[in-house]
Amino acid sequence: MRFLLPVGLIATTLAIAPVRFDGDKVLRVKLQDEKQANIIKDLAKTSQLDFWYPDATHHVAANMTVDFQISAKESQFVESALDQNQMHYEILIHDVQEEVEKQFDVKEDNPGRHSYAKYNNWNKIVAWTEKMVHKNPKMVSRIKIGTTVEDNPLYVLKIAGKDKRRKAIFMDCGIHAREWISPAFCQWFVYQATKTYGKNKIMTKLLDRMNFYVLPVFNVDGYIWSWTQNRMWRKNRSRNQNSKCIGTDLNRNFNVSWNSFPNTNDPCQEIYRGPAPESEKETKAVSDFIRSHLKSIKAYITFHSYSQMLLFPYGYTSELPPNHKNLTQHQVLL
Ligand SMILES: [Zn+2]
C-alpha cells in the first residue's frame, strides 16, 4: 500500500493540471492548388494539426487559406515539409500559451460591474443573466430549457419589446467551448438591446417587431472545462462508450443530415457527431425548445469563431437551399 499511494497522488495531480501550449504555433498556409491541399490533408494524417480554419480536414480545398495549430514538438517537421514542397506560410502565433494567458486576465475594472470588454467565466455569466432580468424586468425573462451532462443549467434569455406575442429569432452562442468571443457577443447583444431600446431607432424597430431568445452559452460543461482544464476544448463533456475520448461536437449532433459525413463517427475526433441524433442533453434541450416554439421562432442564428463569414444553411452540403435568393437579399440589408 505504501508504494501505491504516491502513484495515486501523481495521477490525481496530472488529471487536475491544466493543459499547456508552450511553444505551440499557429500557421497560415495559402493553398495554390489541389496538390497543396492534398499535402495538408496528408500532413493531418501523420501530425496533430488542430484546424482553426476551416474546422476540419475534409473542408480543406485548393485556393483556400488554412490556419492550424501545431504543437512545439511537431512544428519543425511540419514547417520543413511545407518548405520542401515550396508552400508559402506565415506564423500567426509563435507561442499559443502566451496568448492564452492574456485571455485569463479576469481582474475587474470596476469591482461588482459586469465587464463586456473581458471574457467572463460561467459563474459570472450566470450572475449576469440574473442581473439582466432584475434590471429590465419588463423586457428580459430567464427560461431554464434543460440541464447539461454535468447538471449545469441551460439558460435562455427572452428579450421582448412591448407586445410579447410576436415572431422570434433564436440565437445561440458558445456551442463550441473554446470560441470565447461567441458568448461574449451574446452578452454584449443583450446589454445593447436593453440599453438602447427606446433610444436607438434601429434597435427599437427591431424589438418592436420581433422577440429574441438568446442562449448565451450552449455548451456550458465544455466552456467551464476550457476555463479550468483545456483552453482549446471544443466538444461537450459526455463520456463515450468503448472509447477513452470525451465529448461530442454539439454542432453536429442535430437531427439534420446527421449521417452525412462518415469521418464524424470517431469519438476521438473534434467533429464527432455523437452516437445518435440529439443524443446529447444540450442538443436535445435546444431542439425541444425550438420545436415547442415553432409558431413564433422563424430564424436561428449561431455565433462561432474564428473567421469573418456569414454562412447560410446548410453546412453539410454545397447545394443552395430553396430560399437562397431571399437570404442573399437580407445579407445585403445586414
Ligand atoms: Zn464553432
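The values are calculated or read from the model by the stated rules, or taken from the named source; none is laboratory data. The model shown is predicted, which means the values in this text are computed figures rather than measured ones. Glycine gets a Cβ as well: all are built from the backbone with ideal geometry, and neighbour counts include every protein chain shown. Surface accessibility is based on the protein's heavy atoms, side chains included, excluding ligands, DNA and RNA. Shrake-Rupley method; radii C 1.70, N 1.55, O 1.52, S 1.80 Å.
A few comments on the model shown:
- The angle between the Cα long axis of helix 281-291 and the longest principal axis of the Cα atoms of the chain comes to about 40 degrees, rounded to the nearest 10.
- If you plug the beta carbon distance of Val256 and Lys295 into 1/(1 + (r/R0)^6) with R0 = 25 Å, you get a FRET efficiency near 0.80.
- Remark: region 25-96 carries a charge dipole of roughly 80 debye about the Cα centre, counting +1 on each Lys and Arg Cβ and -1 on each Asp and Glu Cβ.
- Rounded if a/c under 1.5, otherwise prolate or oblate - region 51-126, Cα gyration tensor axes: prolate
- The lysines within cross-link reach of Lys325, meaning a Cα-to-Cα straight distance under 18 Å and a gap of 8 or more places when in the same chain, are Lys298.
- Excluding ligands, DNA and RNA, the accessible surface per residue across the chain is 58 Å² with a 1.4 Å probe.
- All alpha carbon pair distances within the chain were sorted into 20 Å bins beginning at 0; the resulting P(r) in whole percents reads 26, 56, 17, 1.
- Spin-label pair Ser243/Lys162, simplified geometry with 7 Å Cα→Cβ offset, distance in nm: 5.3
- Looking at the chain alone, DSSP beta bridges between its own residues are antiparallel in about 65 percent of cases.
- Angle between the chain longest axis and helix 181-196 axis [Cα atoms, degrees, rounded to 10]: 20
- Value of Rg/Rh across region 120-275 [Cα atoms, Kirkwood radius]: 1.03
- Size descriptor, Kirkwood hydrodynamic radius, that averages inverse alpha-carbon separations across region 17-155, Å: 18.4
- In a DSSP loop and with at most 12 other Cβ atoms within 10 Å, the GluC sites (Glu not before Pro) in region 79-180 are Glu108.
- Taking trypsin sites (Lys or Arg not before Pro) as exposed when their DSSP state is a loop state and no more than 16 other Cβ atoms lie within 10 Å, the longest site-free interval of the chain runs over 21-106.
- Relative contact order for the chain, counting Cα pairs under 8 Å that sit 6 or more residues apart, in percent: 15
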